[in-house]
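Only the coordinates and a few stated rules stand behind these numbers; no lab work does. These figures come from a predicted structure and were not determined experimentally. Here Cβ is always computed from backbone atoms with ideal geometry, including for glycine, and neighbour counts include all displayed protein chains.
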Amino acid sequence: MTNTPAHEHKQDAPRSINCMVITCSDTRTPETDTSGQLIQQLLEGQGHKIVAYHIVKDDPGQIAHRIALGSFKHAAQVVIVNGGTGISRRDSTFEAVNSMLEKRLEGFGELFRYLTYQEIGSPAMMSRATAGVVNGCVVFSIPGSEHAVRLAMEKLILPELGHLVKELTK
């Protein structure tokens, strides 16, 4: 295989990343949180470490508090938040995450919605998936459905996780 510029950027990326998973839900428990479990399985399957896992109510204050603790107390390099990215009255994850972002990765949300559009069509526009940097930590906010989690993790997050962390430490 020929080394491409993208491949060369990734070759020195860390292979194991400290990750925190947050599920935003008013109804899920650790036993019923299949999306949070899937995120953890996919991360661990790629050699990454889960340093913390939390289920929080879809409340901006609780979400922001957990993200802030993750980057400090748990030494997470990446935080993946799932749930609460829609437009219903209770969906407030986007507002919580977006208000904290110091740098935004606009392409993440755009690509996620594009990939989703290819699969389900126009309802993809209702996703408010987003990503960026908070306190030197990469934060992803993705929908809470298992299908959306798998799409985001396999197509976007896992292929770039080490590269993103490497770029933050430059």
> Is there a pair in 57/166; 103/166; 57/103 whose C-alpha atoms are over 23 Å apart, and which pairs would that be?
Replying inline: 57/166; 57/103
> Using modelled backbone amide H atoms (1.01 Å from N, in-plane), which distant-in-sequence or interchain residues come within less than 5 Å of residue 82's amide H?
Replying inline: 22, 23, 24, 142
> Reachable aspartates and glutamates from residue 170, Cα under 13 Å, same-chain residues fewer than 8 places away excluded?
Replying inline: 12
>> What is the distance in Å between the Cα centroid of the range 122-170 and that of the range 75-97?
In response: 11
>> Quick check: residue separation of residue 75 and residue 49 times 0.36 nm, minus the Cα distance between them. What number comes out in nm?
In response: 8.3 nm
> For the range 41-160, what relative contact order do you get, as a whole percent, if you take Cα pairs closer than 8 Å and at least 6 residues apart?
Replying inline: 28
> What FRET efficiency do you get for residue 57 and residue 120 if R0 is 30 Å and r is their Cβ-Cβ distance, rounded to the nearest 0.05?
Replying inline: 0.65
> What spacing in nm lies between the two simple spin-label points modelled at residue 87 and residue 163, each 7 Å away from Cα in the Cβ direction?
Replying inline: 3.2
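To make sure I understand, if each residue's beta carbon is the centre and we count other beta carbons within 10 Å, what order do 12, 58, 26, 91 fall in, fewest to most?
Exposure proxy ranking, most exposed first: 12, 26, 91, 58.
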> Ordered by residue, what ³J(HN,Hα) values in Hz, to whole numbers, does the range 157-167 give under the Karplus form 6.51 cos²θ - 1.76 cosθ + 1.60, where θ = phi - 60° and Gly and Pro are x?
Replying inline: 6, 4, x, 10, 3, x, 4, 4, 5, 4, 4
